[in-house]
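The structure appears below as structure tokens.
None of the figures in this text is laboratory data; all of them are computed from the coordinates on show. On a predicted model such as this, the values are computed, not experimentally measured, just so you know. Cβ atoms come from the backbone with ideal geometry, glycine included; neighbour counts cover every protein chain shown.
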Amino acid sequence: MIKKLKLKSEFNRNVLTLMTGTIIAQAIPIAISPLLTRIYSPEDFGVFALYMSIISILSVIATGRYELAIILPEKDEDAINLIALSMILVSFFCFFIFILVLFFNDQIVSILKAPNISSWLYFAPISIFFVGLYQNLNSWINRKKQYKKQALSKVVQNATIGSGSLGLGFSGIISSGLIMSLIAGQGVVASFLGLLTWRRDKSLFKKINRHQVIHMGRKYIDFPKYDIAASLSSVSSQQIIYILFNSLFSSTVVGYYYLTQRMLSAPISFLASAILDVFKQKAAKDYKKHGNAKVIYRSTFKKLLVLSIIPTAIIYFFAIDIFVFMFGENWKEAGVYAQILAPMLLFRFLANPLSFMLYIGNKQRINLYTQLLLFLAILSSFYFVGTARNIVAVMSLLFSLFYISHLIISAKIAGIFN
């Protein structure tokens, strides 16, 4: 009994550590958003969102999803070789993207219908490399339970991006300020974690060898085999929206939708991510030891539900007024989108951490099928639905159904129904 209480207390402390860092980190972009929306136009935000969507989609492929496996091996020597494998894949992929942009820039811009993104495509490989490095190092320090470092890294990244966006905006660089500060933030946080990891664990890097890298790649081949397609569908379902909005409507509509996601999804995602970083470590340990993770699953679900109810209600009833007050009358449409998406955001907050049970239970194939189905449904909504508001409403419904299905599946894997 005492041991159980101790474990529960440790879980709560770790979640609190990450949540504290996440809250501080998210307070930065939220606090400066009223200033940014008066410096940058919806169109500026639209170009930035388009760049972000491209990086997000390509970053899924870059690592081969091996960063998710870093937490699983019993030996640190095996985990460090997974990092090496992942970074080799990232490096080759970034070189490939650079060559692609170098020779086909005009064609890519034509497909995207976004001439303002042309010069920024050359920076995409740099962003992808930084993202891949951060993902690997973040998984490593999560494995080592260095939650304070994780929390601090989020603050460092958002502080860099926020200060850069304001500084470049006030200096008159305008639209490019958002993207330039993003790249700077990605580089700073990756370097920050790299330095901390090297100081603590540099002896382990000597144990990286070619044969072990190949062995680890084969052992965890299900991650690239199944999860690349699944995660690509998942991220694309989120990010393709910006690309399609830009192609079918305008970058202004993209800006409205992006601000909605920035103000609502970012805090929700980061809080859920903080819980996930602790949940997946404890759930993986329990599942390996007992064959289920029902105790930690129930406990985490209750915490998520309590945290989400009141914010969701506020968004649903007052989003339009809040957006107009905070960002100005020009951003009223973003408030409408926020109100429509409120139910979906609730289910996302619940499902994002708990769905990691699909990885723990080695059910990547189920994840692949559901993600592909969602992606096809999203594409269909743009084809059959007319106005931007109607498309947002259909997406809210589709994502809600998707997250509910993942909650049910993950609960079954955790042993809740046994």
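Quick look at the numbers
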item: Cβ-defined net charge surrounding Ile413, 11 Å radius [Lys, Arg +1; Asp, Glu -1]; result: +3
item: Relative contact order (percent, whole number), region 293-418, Cα cutoff 8 Å, 6+ residue spacing; result: 33 percent
item: Aspartates and glutamates whose Cα lies under 16 Å from that of Lys113, excluding same-chain neighbours fewer than 8 positions away; result: Glu43, Asp44
item: Zone residues, region 301-339, relative to Leu397, backbone N less than 18 Å from point 7 Å out along Cα-to-Cβ; result: 337-339
item: Under the Karplus curve 6.51 cos²θ - 1.76 cosθ + 1.60, θ = phi - 60°, whole-Hz ³J(HN,Hα) for region 51-56, x wherever Gly or Pro sits; result: 4, 4, 5, 5, 5, 4
item: Among Ile30, Phe325, Phe48 - extreme Cα towards positive end, dipole of the chain, charges at beta-carbon; result: Ile30
item: Loop-located GluC sites (Glu not before Pro) in region 28-134 whose Cβ has at most 12 other Cβ within 10 Å (DSSP); result: Glu74
item: Helix-only CD estimate at 222 nm, as mean residue ellipticity for the chain, using -39500 (n - 2.57) per DSSP H run (n ≥ 4); result: -28500 deg cm²/dmol
item: Segment Leu100-Glu77, extension gain: residue separation times 0.36 nm, minus the distance between their alpha carbons; result: 4.8 nm
item: In Hz, Karplus ³J(HN,Hα) per residue of region 307-324 (6.51, -1.76, 1.60; θ = phi - 60°; x = Gly, Pro); result: 5, 9, 4, 5, x, 5, 5, 5, 4, 5, 8, 10, 4, 4, 4, 5, 5, 5
item: Two-decimal log10 I(q)/I(0) for region 82-164, as the Debye equation yields it once each C-alpha is a single scatterer, q = 0.11, 0.13, 0.17, 0.22 Å⁻¹; result: -0.43, -0.58, -0.84, -1.02
item: Pairs beyond 21 Å (Cα-Cα), from Lys149/Lys412; Lys363/Lys412; Lys149/Lys202; Lys148/Lys302; result: Lys149/Lys412; Lys148/Lys302
item: Total formal charge among the other residues, if their Cβ is under 12 angstrom from that of Phe205, Lys/Arg +1 and Asp/Glu -1; result: +2
item: Karplus-derived HN-Hα couplings along region 400-415 (A = 6.51, B = -1.76, C = 1.60, θ = phi - 60°), whole Hz, x at Gly and Pro; result: 4, 4, 5, 5, 4, 4, 5, 5, 5, 5, 5, 5, 5, 5, 6, x
item: Kirkwood Rh and Cα Rg combined as Rg over Rh, evaluated for region 118-222; result: 1.08
item: About the Cα centre, charge dipole magnitude for region 64-222 (Lys/Arg +1, Asp/Glu -1 at Cβ), debye; result: 600 debye
item: For region 2-414, size of Cβ-based charge dipole, Lys and Arg +1, Asp and Glu -1, in debye; result: 2200 debye
item: For region 14-113, alpha-carbon Rg and Dmax in angstrom; result: 18.9, 51
item: Tail beyond 20 Å, pair distance distribution of region 202-309 (Cα, percent); result: 67 percent
item: Convex hull of Cα atoms in region 271-319, direction-averaged projection (nm²); result: 3.6 nm²
item: Reachable aspartates and glutamates from Lys289, criterion Cα separation under 16 angstrom, eight or more residues apart if same chain; result: Glu74
item: Over region 2-414: Kirkwood hydrodynamic radius from C-alpha pairwise inverse distances, Å; result: 22.0 Å
